[in-house]
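Notes follow once the structure below has been shown.
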Amino acid sequence: MTQSLLLQDKVAIVTGGAGRNGLGYASAKMMAAHGARVAILDLEQADPTAAAAELGPQHIGLVADVTDKASCVAAAGQVLKHLGRIDILLNNAGITQPIKTLDITGANYDAVLDVNLRGTLYMSQAAIPAMREQKSGAIVCISSVSAQRGGGILGGPHYSAAKAGVLGLAKAMAREFGADNIRVNCITPGLIATDINKGKIPEDKRAAILDSIPLGCIGEPDDVAGCVVFLASDLSKYCTGITVDVNGGMLIHG
């Protein structure tokens, strides 16, 4: 008996998915391994077409800017044109800045809130109509442990605020679209070894962070990707509005 793939015949969109060491690409790769056809969206300089080509010929890469609603709508249209449907949206695109409260400028605030929070809204708005029409869909939003614990690792307070906003937005969308059989869930990664934090943690701070993690190690992108596959698949078909912590136990709470 052959094992059926968890995402067979599904079509997934991954925003900010072209960085080979990032959560988006790891998730795209794992969803593809489980049978999904994947559309990787990213900025032009990240070359999403090349990233998608590495996954195989049945996948596509599209240039899109999540802070621009027209760009998101156009990308969703291209996915429907080339892949026929939209079953899964991974709102992964995000940026961070290690700036303290009193140093955050308006431009800093706009940049971080726009990509992390506005981008999650715009891409969801672009994908939901197709999901509504087919009466099924799974949206997974990448937030951060920073939203839950109030920063304290790398990103500034505006990053914590943006990622906390993602949690609230996702729960509200889960409530609104449950009747359409569209599930919306969040993942809050802790410290994961990606390009966003490479070489940015001093050795003394790194030791202190590891001491605060019960599993005693920093996570890998595939640790997050596995939870993305779970939330995108029917294994989690009765889960919506939830937050899955992927942090090695850094934030154990009741």
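Read-outs: derived from the displayed coordinates by stated rules, not from any lab. This is a predicted model, so every value here is computed, not measured. Ideal geometry is used to build each Cβ from the backbone, glycine not excepted, and the neighbour counts take in all protein chains shown.
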Exercise. Helix by helix through the chain, keep the DSSP H runs that span 20 Å or more along the axis on Cα and average at least -1.0 on Kyte-Doolittle, and give those back in order.
Key: 69-83, 119-134, 157-177
Quiz item: Using only the Cα atoms, what convex hull volume per residue in Å³ does the stretch 11-246 have?
Solution: 119
Quiz prompt | Packing-based order for 38-51, 9-22, using average beta carbon neighbours within 10 Å, highest first | solution = 9-22, 38-51
Exercise. May I ask for the net charge around Pro48, where only other residues with Cβ less than 13 Å from the Cβ of Pro48 are counted and Lys, Arg are +1 while Asp, Glu are -1?
Key: -4
Quiz item: Relative contact order, percent, of the stretch 1-103 when contacts are C-alpha pairs under 8 Å separated by at least 6 residues?
Solution: 30
Exercise. Give the long-range amide H neighbours of Ala39: residues separated by 5 or more places, or on another chain, with amide H under 5 Å away, using H modelled in the peptide plane at 1.01 Å from N.
Key: Ala12, Ile13, Val14, Ile60
Exercise. Please tell me the relative contact order of the chain in percent, rounded to the nearest whole number, where contacts are Cα pairs under 8 Å and at least six residues apart.
Key: 19
Quiz prompt | DSSP-defined antiparallel bridges as percent of all bridges, the chain, nearest 5 | solution = 0
